[in-house]
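Participant: Below is the structure I would like to discuss, written out as structure tokens.
The values are calculated or read from the model by the stated rules, or taken from the named source; none is laboratory data. As the structure is a prediction and not an experimental result, all values here were calculated from the model. All Cβ positions, glycine included, derive from the backbone under ideal geometry; neighbour counts span all protein chains shown. Protein only, heavy atoms only, side chains kept; ligands, DNA and RNA dropped before computing areas. Shrake-Rupley method; radii C 1.70, N 1.55, O 1.52, S 1.80 Å.
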Amino acid sequence: MPDISIWTDYFGIYMKGFGNTVAASVIALLGSFAIGTIIAVFRISSVKPLRWAGTAYVEFIRNIPLLLVIFVFYYGLPSIGITLSGFICGTIGLMVYTASFVAEAIRAGIMSVPAGQTEAARASGLSYTGTMRHVVLPQAIKIVIPPLSNQFINLVKNSSILGVFAGFDLMYYGDQVAGKTYATFDTYLFVALLYLVLTLPLSYAALRLERRLAGNG
Amino acid sequence: MIEFRQVEKHYGDFHVLKTIDLRVAQGEVVVVVGPSGSGKSTLLRCINRLETITSGSLTVDEVKVNDKGTDINKLRRDIGMVFQHFNLYPHRKVIDNITLAPMKVLGIPKPEAMATAMFYLEKVGIGDKADRYPSQLSGGQQQRVAIARGLAMKPKIMLFDEPTSALDPEMVGEVLDVMKTLAREGMTMLVVTHEMGFAREAADRVVFMDEGRIVEIAPPEEFFAQPREDRARLFLKRVLRH
């Protein structure tokens, strides 16, 4: 039996970390979705420099360990006079890193929308942006939900890396409690449960959304 | 209204359109026929710049289609297009398929766009399908929605790219009837089709293409009764035999 007192005695501390993990995840999720969408549109653009920029972003960022991406913000920025907290560096790093995977998922979704859709929209006088926004992306998003929910679940779990940078997240406080009490297993068991509290509803929500959108078209 | 002058188009090594000269006057119905791969669809798609030309000049309403300074989106407002595979937006209801461009391109307020959409849906005979999704409609109904979608922009020209080729034989008539009505009402139309009956009945002129070239242009009575060119004669013999 796990020692429940480890959970109850330090509940407030866990919750502080939990709150920060939620905050980091939500910010990074929304940010990576926005950046990823823009990068995806860049990657399929007919304008060469945009295409190159998009490809460079994806290939550099997704092929570097997350830890090193955060290093850039944590150790790199101070050298040009910008010092940000571990929480902010970790969240930005997570956002930038996840965006490269989101971009690839969205690009695949866009490519799977038949060319005739774009032709019909463009022929009616819609601009490229209008065509993307009203015709292509709404169809792509349906296809993209399963791979995207994968990325977002990974994001929540990857946020545990904030602990390395004094990001005051769930993992950070878990380390603190474990160090203090030496009840390593019981502490991290609770930490794991708290991550599940975040990720399981995310999985469920993705499944619901997928079913709902499958309804029409 | 539409004028091709010495238009050439290449896809890499492939010479798709060869020295095309064609003028379409306002209110005229021109039907383009010919074997598959003869460049009919490409010719049509050049008019609204879904395809670009390699050389020569192509103007619509005196506007150079391929000019750098041409606002292509503005030009396209006046050119409706109907595709072989309908290309309706599957995620939008029928009515929302039709109101999209009027609202987003012309900035027409929603109630007015809805009223216009209903008017054209009634006109093509499926006013009762406004709240359906395209996948709930038959092919013929979908193509009629596509025509209504094109008309809702109140275009000066309508382009039809094999509008009945993907339909069950039973559905062909209902789509052609709508097109014939449009033709009678004076719409400027360019139609690529294999429906010789339609060409005979609705066309002012028939354009026969083969291997990227316009081989013959003639009024339908002449073209079907006694085509001047051997290639046209052979084509007609093959398609009219059954």
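Participant: As a test of reading the structure, rank B:TYR133, B:TYR89 by solvent-accessible area (1.4 Å probe, protein chains only), most first.
Facilitator: Largest to smallest exposure gives the sequence B:TYR133, B:TYR89.
Participant: In deg cm²/dmol, rounded to 500, what helix-only [θ] at 222 nm does chain B give when every DSSP H run of at least 4 residues adds -39500 (n - 2.57) and the total is split over its residues? Spell out each step's value before the answer.
Facilitator: Details: 9 runs with 92 residues, N = 242.
Taken over chain B, the calculation gives -11000 deg cm²/dmol.
Participant: Among B:GLN141, B:THR19, A:SER112, pick out the residue whose Cα is farthest towards the positive end of the charge dipole of the protein assembly as shown, where Lys and Arg carry +1 and Asp and Glu carry -1 on C-beta, about the Cα centre.
Facilitator: B:THR19
Participant: Also, quick follow-up: Round to the nearest 0.05 the FRET efficiency obtained for B:GLU221 and B:ARG241 when R0 = 22 Å and r is the Cβ-Cβ distance. Don't skip to the answer; put the middle values down first.
Facilitator: Details: r = 20 Å, r/R0 = 0.91.
FRET efficiency, B:GLU221 to B:ARG241: 0.65.
Participant: Run the quick spin-label model on A:SER5 and B:ASP21: label points 7 Å from Cα toward the beta carbon, then report their separation in nm to one decimal.
Facilitator: Taking the two extended label points, one gets 10.2 nm.
Participant: Could you pull the accessible area for A:TRP7 with a 1.4 Å probe, rounded to 10 Å²?
Facilitator: Ignoring ligands and nucleic acids, A:TRP7 comes out at about 40 Å².
Participant: Between B:PHE14 and A:LEU209, what is the FRET efficiency for a Förster distance of 41 Å, r being their Cβ-Cβ separation, to the nearest 0.05?
Facilitator: For R0 = 41 Å, the calculated efficiency reads 0.35.
Participant: I would also like to ask the following. Return a whole-number percent for the relative contact order of chain A, with Cα pairs under 8 Å and 6 or more residues apart as the contact set.
Facilitator: 29
Participant: Over the Cα atoms of the protein assembly as shown, compute the convex hull volume and normalise it per residue, giving Å³.
Facilitator: Details: hull volume 89.9 nm³, N = 459.
Residue-normalised Cα hull volume stands at 196 Å³.
Participant: Further, regarding this structure: So for region A:110-217, averaging the separation of alpha carbon pairs under 8 Å that are six or more residues apart and normalising by length, what relative contact order in percent results?
Facilitator: Details: 61 pairs, mean separation 27.1, N = 108.
In percent, rounded to a whole number, it is 25.
Participant: Would you work out if region A:4-213 is rounded, prolate or oblate? Take a ≥ b ≥ c from the square roots of the eigenvalues of the alpha-carbon gyration tensor; rounded if a/c is under 1.5, else prolate when a/b is larger than b/c, oblate otherwise.
Facilitator: Details: a/c = 3.40, a/b = 1.78, b/c = 1.92.
Note, shape of region A:4-213 comes out oblate.
Participant: Still on this model: If you average the C-alpha positions of region A:103-126 and of region A:41-90 separately, how far apart do those two centres end up, in angstrom?
Facilitator: If we compute the Cα centre of each part, the gap is 27 Å.
Participant: Taking the Cβ-Cβ separation of B:GLU62 and B:ARG233 as r and a Förster radius of 35 Å, what is the calculated FRET efficiency to the nearest 0.05?
Facilitator: 0.45
Participant: Then there is this: Just want to confirm a number: the relative contact order over chain B, from Cα pairs under 8 angstrom separated by 6+ residues, in percent.
Facilitator: That works out to 27 percent.
Participant: Taking a quarter of the surface of the Cα convex hull of chain B, what do you get in nm²?
Facilitator: Working: hull surface 53.2 nm².
Computed as one quarter of the Cα hull surface, the answer is 13.3 nm².
Participant: For region B:114-156, list log₁₀ I(q)/I(0) at each q in 0.21, 0.28, 0.32, 0.35 Å⁻¹, using the Debye formula over Cα point scatterers of equal strength and ignoring solvent, two decimals each.
Facilitator: The calculated log intensity ratios at q = 0.21, 0.28, 0.32, 0.35 Å⁻¹ are -0.59, -1.00, -1.22, -1.36.
Participant: Apply the Karplus parameterisation 6.51 cos²θ - 1.76 cosθ + 1.60, with θ equal to phi minus 60°, to every residue of region A:128-138 and state each ³J(HN,Hα) to the nearest whole Hz, in sequence, with x for glycine and proline.
Facilitator: Per residue, the Karplus-derived 3J(HN,Hα) values read 4, 5, x, 5, 4, 5, 9, 10, 7, 4, x Hz.
Participant: Among B:ALA146, B:ALA203, B:ALA113, whose mean-square fluctuation peaks in a Gaussian network model of chain B (Cα, cutoff 10 Å)?
Facilitator: Residue with maximal mean-square fluctuation among B:ALA146, B:ALA203, B:ALA113: B:ALA113.
Participant: How much of the pair distance distribution for region A:47-115 lies past 13 Å, counting alpha-carbon pairs only, in percent?
Facilitator: Roughly 68 percent, rounded to a whole number.
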